[in-house]
Amino acid sequence: PNVFNAGNVVKQLIWTRVRWNPKNDDTSDAAARVILHQVAERHRTLPPAYFEQVINNTSYFKIYYLPPNKMREEITSKDLSTVHISDGEFHWQIDTATNKYSRYPDEKNPWSIFTDLNEIAGTSRIIGHELLYGVPCTVILFNTIYRDRLEYWIEDERHLVRQVKWPKGNMTYPVIRLNDTMKPELFKYDPKVLNAGRVHFGAHFKLQSR
């Protein structure tokens, strides 16, 4: 499986949403839902931020975010080195080794895997409290209606997700810095200046997208 689709794996596991009604949840689930709601609000209102992400201990991301909808991801793994740039209008995917790119309409919400957490269909409960990367976190177990098991490590103070585990993988954020200064050049890409070649929709390169 393509490790760069890990974010999409999480999306697929939680895609079914319902309106949460506290009257229909037990006390444990309600307490966990409060925290998930805080996470969703935190990611909806993120300031400029820098993240380092690791997926399955094999793929490494440097993520630069400029609200409301600009993002740059620099991705390295054993076999591939790519850059993703969301400029607010288009999403650019650049293969740095071949100097080729693809372009397609941008996603409206780059943090949707977290901003929708409080509306997931299923049951949740708090299963522990741990220090992760030196930060106090609450651990929440979520079982979706499809019996998928997801575990979230969530910062107690900033309500940021520091780790997600699912049956066949994990995604961690060892470094998160809020209110970082972002250079506008990080979110721009001009293939003409770089003399880059384009790979169109349907090509294999597109399959390597996040």
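The values are calculated or read from the model by the stated rules, or taken from the named source; none is laboratory data. Predicted model only: the values in this text are computed from it and were never measured. All Cβ positions, glycine included, derive from the backbone under ideal geometry; neighbour counts span all protein chains shown. Note: areas computed on protein heavy atoms with side chains; ligands, DNA, RNA excluded. Shrake-Rupley method; radii C 1.70, N 1.55, O 1.52, S 1.80 Å.
For the pair the stretch 87-124 and the stretch 171-197, the centres of their Cα atoms are 14 angstrom apart. Ile94 contributes an accessible area of around 10 Å² to the protein surface, as traced by a 1.4 Å probe with all chains present.
Close amide H partners of Val175, meaning residues 5 or more places away or on another chain with modelled amide H under 5 Å apart, are Glu52. The GluC sites (Glu not before Pro) of the stretch 38-115 that meet both conditions, a loop assignment by DSSP and at most 11 other Cβ atoms within 10 Å of the site Cβ, are Glu89.
Legend: residue pairs Lys78/Lys192; Lys100/Lys165; Lys62/Lys183; Lys78/Lys188; Lys100/Lys168, Cα-Cα distance threshold 24 Å; pairs beyond threshold, Lys78/Lys192; Lys100/Lys165; Lys78/Lys188; Lys100/Lys168.
Computing FRET efficiency as 1/(1 + (r/R0)^6) for Lys100 and Glu185, where r is the C-beta to C-beta distance and R0 is 22 Å, gives about 0.60. Working from label points 7 Å from Cα in the Cα-to-Cβ sense, the Lys78 to Asn56 distance is 1.0 nm. Calculated on the alpha-carbon coordinates, the convex hull of the stretch 77-178 measures out at 158 cubic angstrom per residue.
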